[in-house]
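Q: This is the structure I want to talk about, given as structure tokens.
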Amino acid sequence: MHMWETIKGSFEYGHPGFTGLSALIKIVYLMLAFGPGLASILTWMERRQSSLMQDRLGPNRANIGRFKAWGITHFLADALKFMVKEDFVPVKAHKFLFALAPVLALAPALIVAAIIPFGAPLCWGHLTEIVPTGTCGQAVDLQIARLDVGILFYFAISSLSVYGATLAGWSSYNKWAMMGGLRASSQMMSYEVTMGMAVLSMFLIYGTLEPGAMVAQQGYWPWQWGIWGIPTALSFFLFLTAAIAETKRTPFDIPEGEPEIIGYFVEYSGLRFGMFFLGEFIEIVFSSALMVTIFLGGWHLPFLDGLADRVPNIAFVLITHGAWIVKVFLFTGFQLLIRWSLPRFRSDQLMQLGWQRLLPVSIANVLITAGWILYSR
Amino acid sequence: MHQLHTQTVGLPATITFAILAGLTVIGALFTITRRNPVVAVISLVGTFFALAGVYASLSAHFLAILQILVYAGAIMVLFIFVVMILNRDEITRVAARGMVRRGLGVVAAGYVVWLLASVVANSSATPLLGGPLSEPGADFGTVASVGASLFTDFMFPFEAVSLLLLVAVVGGLVVSRSEKQEDDAEETARRRAQVATEIRPESMVGGPTDATANHEAAHH
């Protein structure tokens with residue numbers, strides 16, 4: 001009986017059991033359900049959208065019985081195909097690194113979600129009551145880890161995903177894969193610098209690196225969001241460009257280069273290729289989520305001020321979470337739209353754009369922002 | 001139970017440290033024993049990652065994340081890039097050449113290890129290690145506190161290191177540029193000479209079709 005009381009006590013608010021369990025639920029929901037789920041749908045959406053833009057039909061046939069929904073179940077068919085296809089490993093490949101590379105491509109894409117706030121904090125024990133903002137004593141953040149280093153965590157972990165592409169290219173023992181791997185590593189390294197510089201001016205404006213605090217500083221009205229302002233709009237543009245380059249998508253798909261080299265994963269098949277494929281789309285989902293957090297007000301529902309004072313806490317949390325999902329979904333759709341609107345760069349143009357155009361502009365942006373903050377104080 | 005917690009760091013922390021320290025050492029051993037350079041670099045990445053974990057367990061979160069961001073995420077990527085471009089074969093097990101220099105290196109490394117070991121063994125004599133472990137403050141290791149100490153107490157060393165890095169960057173740029181510019185100048189001169197002697201641009205005024213027409217006209 002005493003033992004039971006102890007166990008039960010450790011699952012009360014603020015105790016290790018409660019903290020651990022709530023973290024586990026958040027991890028399973030965001031990293032294993034939401035991210036891969038939305039990414040899977042995006043794999044279908046990208047093909048369908050491109051076909052509509054090019055006056056084709058695209059994948060519209062997959063169905064489960066009578067359930068068709070414009071062929072949205074195509075991603076399930078894809079997953080099934082990945083699983084039953086032959087897992088081919090080239091004879092001269094480096095076996096260990098060949099197996100490690102897809103893991104290194106997929107894992108960082110999932111882990112970066114840890115810092116993203118995906119809804120207003122829950123008020124434990126007062127779920128059905130109206131809890132005005134900031135008055136809750138037992139708040140459960142809808143954010144897996146509230147780190148002081150915040151967005152630097154995102155950069156640190158996402159900078160590891162370059163190993164996936166590079167090692168895949170090297171370990172395949174294939175010249176085209178090797179070339180793709182080299183291109184991937186140089187491209188991702190170059191644009192990481194611009195990405196960091198672009199977000200640096202946002203750190204200056206917010207005065208914090210913690211995404212939860214950034215969302216709290218942004219208000220309900222769209223003109224209170226991070227993107228509103230000349231230096232921040234510029235950093236949004238720079239960050240978006242660099243983020244698309246980091247995910248190695250058109251117009252920056254040099255490492256894959258479909259007309260010429262077919263990329264660092266050319267020797268991969270089956271589920272291992274699926275890991276690269278899904279990893280790329282998960283990167284899109286969570287980089288969109290990060291941009292929504294920094295620039296587009298996070299989970300704030302636009303035009304509905306003071307909602308927390310009117311509806312029960314649980315409803316408020318669900319509404320804000322829904323607003324966050326809609327924003328992330330629209331933003332990923334915007335990224336797909338860019339892919340099918342712009343022609344691709346040449347390899348040297350890509351390097352020139354990264355180092356000679358975007359980087360000086362982003363550094364100037366940081367200096368101007370810093371000067372402006374200093375002046376306005 | 002309370003006695004234990006005040007005297008030592010506690011069992012979970014000890015287990016975490018043992019795992020992370022073990023991974024650090026294993027990664028370092030793999031780095032120097034693997035014959036394949038790419039595997040060696042990846043082992044070093046693993047070492048840095050585990051070391052970042054040790055920093056994080058010491059409440060130095062900012063340092064931990066910078067360790068991953070700078071070393072694992074940027075410097076080692078450059079290493080891999082260079083190793084892949086050079087594409088060296090697996091190194092041979094024992095090379096007779098350079099044994100004296102390597103021997104001296106081993107002696108030097110051994111001296112450093114001996115120094116460190118003697119400091120740890122004499123921990124009571126070292127003021128920093130000998131005293132009781134106190135709980136770090138709430139702002140210990142945060143971005144704000146590290147930044148503040150870098151830009152106030154340690155301003156000079158910080159700027160000196162920045163200058164050193166800048167010198168290295170400029171040096172790298174100069175070394176890579178001077179050669180390339182000479183090559184480019186030579187290449188341009190060679191091309192101009194070739195154009196002047198072989199192609200004779202004045203004969204191509206009307207474009208290639210005109211040239212062939214002239215050629216055919218000359219034959220008839």
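The values are calculated or read from the model by the stated rules, or taken from the named source; none is laboratory data. The structure displayed is predicted, hence computed values, not measured ones. Here the Cβ positions follow ideal geometry from the backbone for every residue, glycine too, while neighbour counts run over all protein chains shown. In case anyone asks, the SASA skips ligands and DNA or RNA and just uses the protein heavy atoms, side chains included. Shrake-Rupley method; radii C 1.70, N 1.55, O 1.52, S 1.80 Å.
Q: Before we move on, is A:GLY37 out of contact with any Phe, Trp or Tyr (no Cβ under 7 Å at 6 or more places or on another chain), under 17 Å from A:SER287 (Cα atoms) and either surrounded by fewer than 14 Cβ atoms within 10 Å (Cβ to Cβ) or free of Cβ contacts under 8 Å to residues at least 40 places away in the same chain (or both)?
A: Judged against the criteria, A:GLY37 is a match.
Q: Which of the residues belonging to the stretch A:214-224 are closer than 29 Å to B:LEU66 by Cβ and either touching a Leu at 6+ places or on another chain (Cβ under 7 Å) or open to solvent by 30 Å² or more (accessible area, probe 1.4 Å) (or both)? Spell out how you get there, then give the answer.
A: Residues of the stretch A:214-224 that are closer than 29 Å to B:LEU66 by Cβ, as a first pass: A:214-218.
Passing the criteria: A:ALA216, A:GLN217.
Matching residues to (1) free of Cβ contacts under 8 Å to residues at least 60 places away in the same chain; (2) open to solvent by 50 Å² or more (accessible area, probe 1.4 Å):
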residue	(1), (2)
A:LEU110	no, no
A:ILE116	no, no
A:GLY125	no, yes
A:VAL131	no, no
A:ASP148	no, yes
A:SER159	yes, no
A:THR166	no, no
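Q: Out of A:ILE294, A:ILE314, A:ILE325, report the one residue that is open to solvent by 40 Å² or more (accessible area, probe 1.4 Å), over 30 Å from A:GLU86 (Cα atoms) and under 21 Å from the mean Cα position of the chain (by Cα). Let's see the steps before the verdict.
A: On the way: A:ILE294 fails: open to solvent by 40 Å² or more (accessible area, probe 1.4 Å); A:ILE314 fails: under 21 Å from the mean Cα position of the chain (by Cα).
None of the other options fit; the residue is A:ILE325.
Q: Scan the stretch A:115-152 for residues that are within 14 Å of chain B (Cβ to nearest Cβ) and under 18 Å from A:ALA216 (Cβ atoms) and jot them down. I'd like the intermediate steps shown before the answer.
A: Our first condition is that a residue be within 14 Å of chain B (Cβ to nearest Cβ); within the stretch A:115-152, this holds for A:115, A:145-152.
Answer for the stretch A:115-152, where residues must be within 14 Å of chain B (Cβ to nearest Cβ) and under 18 Å from A:ALA216 (Cβ atoms): A:ILE115, A:ALA145, A:ARG146, A:LEU147, A:ASP148, A:VAL149, A:GLY150, A:ILE151.
Q: Can you tell me which residue within the stretch B:68-86, out of those that are of a type outside the set (A, V, I, L, M) and open to solvent by less than 60 Å² (accessible area, probe 1.4 Å), is farthest from the other protein chains (Cβ to nearest Cβ)? Break it down into steps so the answer makes sense when it comes.
A: Our first condition is that a residue be of a type outside the set (A, V, I, L, M); within the stretch B:68-86, this holds for B:71, B:73, B:79, B:81.
Filter again for open to solvent by less than 60 Å² (accessible area, probe 1.4 Å), leaving B:73, B:81.
On the way: B:GLY73: 3, B:PHE81: 5 Å.
Among residues in the stretch B:68-86 that are of a type outside the set (A, V, I, L, M) and open to solvent by less than 60 Å² (accessible area, probe 1.4 Å), the one farthest from the other protein chains (Cβ to nearest Cβ) is B:PHE81.
Q: Mind telling me which of the residues A:HIS2, A:HIS15 ends up being touching a helix residue (DSSP H, G or I) at 6+ places or on another chain (Cβ under 8 Å) and exposed (fewer than 14 other Cβ atoms within 10 Å of the Cβ)? Before you say what the answer is, go through the steps one by one.
A: Values: A:HIS2 fails: touching a helix residue (DSSP H, G or I) at 6+ places or on another chain (Cβ under 8 Å).
When all the criteria are applied, what remains is A:HIS15.
Q: Looking only at the stretch A:152-159, decide whether some residue is in contact with a Phe, Trp or Tyr (Cβ under 9 Å, 6 or more places away or on another chain), under 30 Å from A:LYS95 (Cβ atoms) and at pLDDT 90 or above.
A: The first filter runs over the stretch A:152-159 and keeps only residues in contact with a Phe, Trp or Tyr (Cβ under 9 Å, 6 or more places away or on another chain), leaving A:152, A:154, A:158.
Among the residues that remain, those that are also under 30 Å from A:LYS95 (Cβ atoms) are: A:158.
Checking which are at pLDDT 90 or above leaves us with A:158.
Scanning the stretch A:152-159, I find at least one residue that is in contact with a Phe, Trp or Tyr (Cβ under 9 Å, 6 or more places away or on another chain), under 30 Å from A:LYS95 (Cβ atoms) and at pLDDT 90 or above, so the answer is yes.
Q: Can you tell me which residues in the stretch B:135-163 are among the charged types (D, E, K, R) and either at pLDDT 85 or above or in contact with an Asp or Glu (Cβ under 7 Å, 6 or more places away or on another chain) (or both)?
A: Going through the stretch B:135-163, the residues among the charged types (D, E, K, R) turn out to be B:135, B:139, B:153, B:159.
Across the stretch B:135-163, the qualifying residues are B:ASP153, B:GLU159.
Q: Hand me the list of helices (runs of 4 or more DSSP H) wholly inside the stretch A:1-84 holding 1 or more residues that are more than 22 Å from the chain's Cα centre (by Cα) and modelled with pLDDT of 85 or more. So that I can check it myself, show each step before the final result.
A: On the way: elements: A:2-10, A:16-27, A:35-53, A:74-84.
So the answer is A:16-27, A:35-53, A:74-84.
Q: If we keep just the residues of the stretch A:78-108 that are of a type in the set (Phe, Trp, Tyr) and away from every other protein chain (no Cβ under 14 Å), which is surrounded by the most Cβ atoms within 10 Å (Cβ to Cβ)?
A: A:PHE82
Q: Within the set of pairs 6 or more residues apart or between chains, which connect a residue that is within 10 Å of chain A (Cβ to nearest Cβ) inside the stretch B:50-67 to a residue that is charged (D, E, K, R) with Cβ atoms less than 9 Å apart?
A: Correct list of pairs: B:HIS61/A:ASP148; B:PHE62/A:ASP148.
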